[in-house]
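Following: one structure in structure tokens, then a few remarks.
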Amino acid sequence: MTQAVFPAGAYCRAVERIIAAGQRMDRFGWVPATAGNISIRLPDGNLAITRSGGHKGLLGSDGVICVDPQGRSLARGDRPSAETLLHCQVYAHDPAAGAVLHGHSVASTVLSMAGGDALVLEGYEVQKVFAGQDTHAARVNVPIFDNDQDIARLARVVAPHLDGMRAGYIIRGHGVYVWGADMDMALARLEGLEFLLACELEKRKLP
């Protein structure tokens, strides 16, 4: 298998954006140890995505690889994360999606383990960061799916719900998935969601 042909400039820019996103997510504690993954859709439809097993706050250019739209590595020896399929699913479903982020925050992990099939967010000004939300009075449902080591099976469970996801989704005891038209939007939505989840976690501590 040989390296795919794609615009070198676009790939290099994608690698730079992924490295910067990993550093930002690390500063907030959303990608502990080797958790999480980050991707960008390239102009040719392939994906630049973090290599399996790397610390996202310490990424170098060798920590990012290229895969095709089905998640298959385009260079011999490169090993994408098993969860690459969930990134591919988002891009296949939403032609406007340009970046996907997956993090493992304390808030998303703890709240998702408290039970239920969704978290309902309401009354927060920050909700406006999500597509279609123009008032704090709206209700935002964030679906929660049970964790599954069979990623293809998990993707099939997630698939019917993708149309209604304004704020991404959570894998129980695991973390969040968010996306946007570009990395800036994806990061804004991730930060918005993580802020709201942290607020919900703090609310549950109130008497």
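The values are calculated or read from the model by the stated rules, or taken from the named source; none is laboratory data. Not measured: the values here are computed from a predicted model. We place every Cβ from the backbone using ideal geometry, glycine too, and count neighbours over all the protein chains shown. Ligands, DNA and RNA are stripped out before the accessible areas are found, and what is left, the full protein with its side chains, is counted by its heavy atoms. Shrake-Rupley method; radii C 1.70, N 1.55, O 1.52, S 1.80 Å.
Free of Cβ contacts under 8 Å to residues at least 40 places away in the same chain, among the β-branched types (Val, Ile, Thr) and touching a helix residue (DSSP H, G or I) at 6+ places or on another chain (Cβ under 7 Å): which single residue out of ILE151, ILE144 fits that description? Give the derivation first.
Numbers: ILE151 fails: free of Cβ contacts under 8 Å to residues at least 40 places away in the same chain.
None of the others qualify; the one that does is ILE144.
Anything in the stretch 45-78 that is acidic (Asp, Glu) and modelled with pLDDT of 95 or more? List them, or say none.
Of everything in the stretch 45-78, just one residue is acidic (Asp, Glu) and modelled with pLDDT of 95 or more, namely ASP68.
With respect to LEU201, determine if the residue is surrounded by fewer than 23 Cβ atoms within 10 Å (Cβ to Cβ) and over 11 Å from LEU111 (Cα atoms). The answer is no for LEU201.
Among residues belonging to the stretch 115-132 that are in a loop (DSSP other than H, G, I, E, B) and free of Cβ contacts under 8 Å to residues at least 40 places away in the same chain, point out the one that is nearest to VAL67 (Cα to Cα). Here the residue is ALA131. Checked against (1) farther than 13 Å from ILE38 by Cα; (2) surrounded by 13 or more Cβ atoms within 10 Å (Cβ to Cβ), GLY98 passes all but a single condition, namely (1).
In the stretch 161-198, how many residues are of a type in the set (Val, Ile, Thr) and open to solvent by 40 Å² or more (accessible area, probe 1.4 Å)? Summing the residues that are of a type in the set (Val, Ile, Thr) and open to solvent by 40 Å² or more (accessible area, probe 1.4 Å) in the stretch 161-198 gives 0. Restricting ALA97, ALA33 to residues that are in contact (Cβ under 8 Å) with a residue 40 or more places away in the chain and part of a loop (DSSP other than H, G, I, E, B) narrows the list to ALA97.
Is it the case that the stretch 100-107 has a residue that's closer than 25 Å to ALA159 by Cβ, at pLDDT below 95 and not aromatic (Phe, Trp, Tyr)? Spell out the reasoning first.
Of all residues in the stretch 100-107, those closer than 25 Å to ALA159 by Cβ come to 100-105.
When the remaining residues are screened for being at pLDDT below 95, the result is none.
Among the residues of the stretch 100-107, not one is closer than 25 Å to ALA159 by Cβ, at pLDDT below 95 and not aromatic (Phe, Trp, Tyr), which makes the answer no.
Would you mention how many residues in the stretch 82-102 are out of contact with any helix residue (DSSP H, G or I) (no Cβ under 6 Å at 6 or more places or on another chain) and among the β-branched types (Val, Ile, Thr)? Residues meeting the conditions: 2.
Please tell me if ARG72 is out of contact with any Ser or Thr (no Cβ under 6 Å at 6 or more places or on another chain), under 20 Å from ALA159 (Cβ atoms) and buried (at least 20 other Cβ atoms within 10 Å of the Cβ). Against the criterion (out of contact with any Ser or Thr (no Cβ under 6 Å at 6 or more places or on another chain), under 20 Å from ALA159 (Cβ atoms) and buried (at least 20 other Cβ atoms within 10 Å of the Cβ)), ARG72 does not qualify.
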